[in-house]
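Read through the structure below, which is laid out as C-alpha cells, and then see the notes.
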Amino acid sequence: SHGEYCAAALTAAESLLGIINQVLDYTQLENEMQLSSRLELENELFSLKDVCDELLDVVSSRVNVRKVDLTIDLDRSLLTNEGGDMLIGDSFRLRQCLTNLCDNAIKFSKDIGGEVVVKVFFEKKIAENKSEDEQLMKDLVIEVIDNGMGIDPEKHFLLFKPFSQVNSEMARTAHGGTGLGLAITK
C-alpha cells in the first residue's frame with residue numbers, strides 16, 4: 001500500500017540522514033583537531049540525570065526495534081543529594097558519546113534476551129600531596145555493558161578507527177552504520 005511505501009521511504013531517509021550527520025560531524029571534529037590539535041568543549045553547568053533522560057529518548061526507538069532491555073543505573077549519590085547530579089562540562093558531547101556507545105551495545109547485544117546496562121557512578125581519586133579541594137575530586141565513570149558475543153581481543157585495535165567495523169560483513173549487512181560512531185566518541 002501507499003502507506004507502507006511512505007513508511008519505508010521515511011525509514012530509509014532517516015537512516016541516510018543519520019549517516020550524513022555522522023560523516024559531517026566526524027569531518028568537523030577532524031578539522032578542529034587539525035587546526036588546533038584539541039577539541040573545543042563547552043564548560044557549562046548541566047544535570048547528569050537530564051542527559052540520561054535525553055539518552056533514553058534518543059535510543060528508545062532502537063531499543064524497541066531490537067527488543068533490548070536497556071537500564072540506566074545512576075549512583076544513589078547522584079539522586080539523593082540536592083543538585084548532586086550537577087556537573088560542569090559539555091552535555092551535548094557527553095550525550096553524543098553515550099548515544100554512540102549505546103547504539104553499538106544495542107546493535108550487538110543478544111538477538112533474544114538482549115540487555116544493555118549504562119552504569120553511572122563516581123570513583124574517588126587517591127590524591128596524595130594535594131589540597132583539600134583536590135582531595136575531594138572524584139572521577140565520573142560511565143560504563144556501557146551489553147550481553148553480546150564480545151570482540152576478539154586481536155581485533156580491539158579496530159574499535160576506534162574511522163570507517164572500520166570489527167566484523168565488517170556482519171555489521172554492515174545486519175546492523176548498518178558507518179563505522180564512525182566509536183571514532184567520534186574517542
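Quick look at the numbers
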quantity: Under 5 Å, built H, 5+ apart or other chain: amide partners of L70; calculated: V116
quantity: Efficiency of FRET from Cβ geometry, I151 and E42, R₀ 30 Å, rounded to 0.05; calculated: 0.40
quantity: Pairs from K110/K155; K67/K155; K110/K138; K49/K107; K119/K186; K107/K155 whose Cα-Cα separation, in the structure shown, is over 29 Å; calculated: K110/K138
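Readers should treat all values here as calculations from the given coordinates under stated rules, not as data from a laboratory. All values derive from a computational prediction rather than experimental measurement. A quick note on method: Cβ atoms are made from the backbone with ideal geometry, for glycine too, and the neighbour counts reach across all protein chains shown.
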